[in-house]
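Contents: one structure, followed by commentary.
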Amino acid sequence: SYILGGAVTYAIAGVIAASIGYSLAGALQSAWLSWVLVILFSVLALSLFGFFELQLPLALQNQLNRLISRRKSGSILGAFMIGGISNLVLSPCVTAPLAGALVYISTTGNQWLGAAALFALGFGSGLPLLLIAVFGKSLLPKTGAWMLQVKKVLAVLMLAMAVYMLSKVVTSQISEIAYLLWAMVVVSLIVNLAVTTRKTQYVLSAALSCGLVLSYIAYSDFFRTRATLQESFTVVTTSTSLERILAQAKLDKRPVLLDYYASWCVACKEMDIQTFSDPLISQKLKDFTLIRVDVSDNNAQTKLLQQRYQVIAPPSLVFIDGSGQVLDNFKVTGFIASDKLGLNLQAIMTDQLKLRGCDATTMNC
């Protein structure tokens, strides 16, 4: 009953976090909120690394302890309530993972996920007490330095979340450097766990970190040589500039590709790397007017740009033929692979040739 009380408390917190996240789904598209989450996950990571401790204010802890002491022992309901209250004054080593889980759940808006995930966390945190009650202390691992290492592993996971959120609001180059620094932290942690000699730890960590840096440089040079379409797109942020380019494309009877993009959109960056970098796609898009509609800022202009073609969120692709008609059948929402996009482009160009009175087979007009 005590353990269930704690688990139910966590489950309620999960539902609340998911509900708040669902109501703030639009706000999650804002860059400022991504920065807040970056700072929050970084603070949680530093706490787990031991720079400081996160816990409830002492006055609130004392108040909760007094409330627990007033409960009568021996009743199932009393144990249930004490279990729920006790989880509010858990040790600081649990506070950071719990806060991180609540932040993640708030971004999903899934109440069932929030309840189930936090119930499992609460039940798991109480499982050692159940083992003690049934089998005694013989089944439990002994306390020691390994507990500090577990905190460091959790800290690395928190840093990973911080880097992930950072990648939504910075350029791909900065994002890559952030992931590189995170990888260096992971390497240092692994070396710290595997090697006991302090001097050897420093030397091995430095050597492996240098290897990571050299690998990143080689990786960057390789991918810079791959042709991408990013520079071929005309970036627009207002309806006026979009209207001007569309009018010119219609005058030239050129089909148009609208790529709805945002700097915080991870799938958008994946499309740049995996889809638009394909040489076959680059070749097929030479006959298109390419427009990148930047909706990174959640303001009135971006809402108008999205409402114009009923775009829910980036990445989205909207195709317009040479006569200015929107090709709703080819509209894409979300990530699309290069092979599937290639088929769509081929079909659009076939229709475009027919529109011009050309033979789609012989390409003669």
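Say each of Ala337 and Gln307 gets a label point 7 Å from the Cα, pointing the same way as Cα to Cβ; how far apart are those two points in nm?
3.7
Using r as the Cβ-Cβ distance of Ile273 and Gln346, and R0 as 22 Å, what FRET efficiency do you calculate, to the nearest 0.05?
0.50
Each residue of region 273-285 in turn: what ³J(HN,Hα) in whole Hz from Karplus with 6.51, -1.76, 1.60 and θ = phi - 60°, glycine and Pro shown as x?
7, 9, 9, 6, 7, 5, x, 5, 5, 4, 5, 5, 8
Given the pairs Lys168/Lys250; Lys286/Lys331; Lys253/Lys303; Lys253/Lys286; Lys152/Lys269; Lys168/Lys286, which are separated by over 25 angstrom at their Cα positions?
Checking Cα-Cα distances, Lys168/Lys250; Lys253/Lys303; Lys152/Lys269; Lys168/Lys286 exceed 25 Å.
Set the Förster distance to 25 Å, then compute FRET efficiency between Ala116 and Leu193 from the Cβ-Cβ distance, nearest 0.05.
Working: r = 31 Å, r/R0 = 1.26.
Here the calculated transfer efficiency is 0.20.
Given N residues in region 170-225, what is Rg(Cα) / (2.2 N^0.38 Å)?
Output field value: 1.30.
Spelling out what I want: for every residue of region 158-172, take phi, set θ = phi - 60°, compute 6.51 cos²θ - 1.76 cosθ + 1.60 (Karplus), and round to whole Hz; glycine and proline get x.
Computed from phi, the couplings for region 158-172 are 5, 5, 4, 5, 5, 5, 4, 5, 5, 5, 7, 10, 10, 5, 4 Hz.
Starting from a Cα-only point model with no solvent, please compute log10 I(q)/I(0) by Debye for region 235-323 at q = 0.20 1/Å.
-0.98
Since every read-out is calculated from the coordinates, none of them should be taken as a lab result. Everything numeric in this text was worked out from a predicted model, so none of it was measured. Every residue, glycine among them, receives a Cβ derived from its backbone with ideal geometry; neighbour counts consider all protein chains shown.
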